[in-house]
Amino acid sequence: MSIGHTLLGLLESGPRHGYDLKRAFDEKFGHDRPLHYGQVYSTMSRLLKNGLVEVDGIEAGGGPERKRYAVTDAGITDVERWLQTPEKPEEYLQSTLYTKVVLALLTHRDAAVILDTQRAEHLRSMRILTDRKRRGDLADQLICDHALFHLEADLRWLELTAARLDKLRTEVTA
């Protein structure tokens, strides 16, 4: 996820302080990984330097000055371009799990145990996500669905690999 583009998009509804941006980000997108304040301010500094935001006001308070940021026309154009650019599909061609299976076979370890252990971990994660989906709002349900579909694909791969383990062992140890 592009933090900069996301913050720019949040600014399109109106100027905000860094604290307000962090809170809005965490509420909408940061369920599992909230932003750190330092990340917000370093990102805003970079966006300011690049002309994508401007300081809309500075307020003095009990602590440091609070800058209020507004998105510029260039920032809106940048968000529009980012939104219209398709994401590269993740193909997982260099899977750590695949590496573990092949390495287990190369070192004469039981790769089936690795696959079984991973299957159990995937199922555990799926149960947690399913429970979260059941309790969540629509946004959380969609996030959970995305993760669940990826885990289901991984489970299919685990089953397929387990079924082909003997053939894979023959090929990698030849």
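Of 107, 130, 72, 96, which residue is open to solvent by 70 Å² or more (accessible area, probe 1.4 Å) and either in the same structural domain as residue 154 (by the TED database) or hydroxyl-bearing (Ser, Thr, Tyr) (or both)?
Within the list 107, 130, 72, 96, the selection yields 96.
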Inspect all residues belonging to the stretch 117-126 and state whether any of them is part of a helix (DSSP H, G or I), open to solvent by 90 Å² or more (accessible area, probe 1.4 Å) and more than 21 Å from residue 148 (Cβ to Cβ).
no
Only residues that are outside any strand (DSSP E or B) and open to solvent by 80 Å² or more (accessible area, probe 1.4 Å): list them for the stretch 56-69, please.
60, 62, 64, 65
Give just the number: which of (1) outside any helix (DSSP H, G or I); (2) closer than 30 Å to residue 56 by Cα does residue 108 not satisfy?
(2)
If I filter the stretch 50-57 for residues that are modelled with pLDDT under 95 and out of contact with any strand residue (DSSP E or B) (no Cβ under 6 Å at 6 or more places or on another chain), do I get at least one hit?
no
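The values are calculated or read from the model by the stated rules, or taken from the named source; none is laboratory data. Predicted, not measured: the structure shown is a model, and the values here were computed from it. We place every Cβ from the backbone using ideal geometry, glycine too, and count neighbours over all the protein chains shown. Side chains included, ligands, DNA and RNA excluded: accessible areas come from the protein's heavy atoms. Shrake-Rupley method; radii C 1.70, N 1.55, O 1.52, S 1.80 Å.
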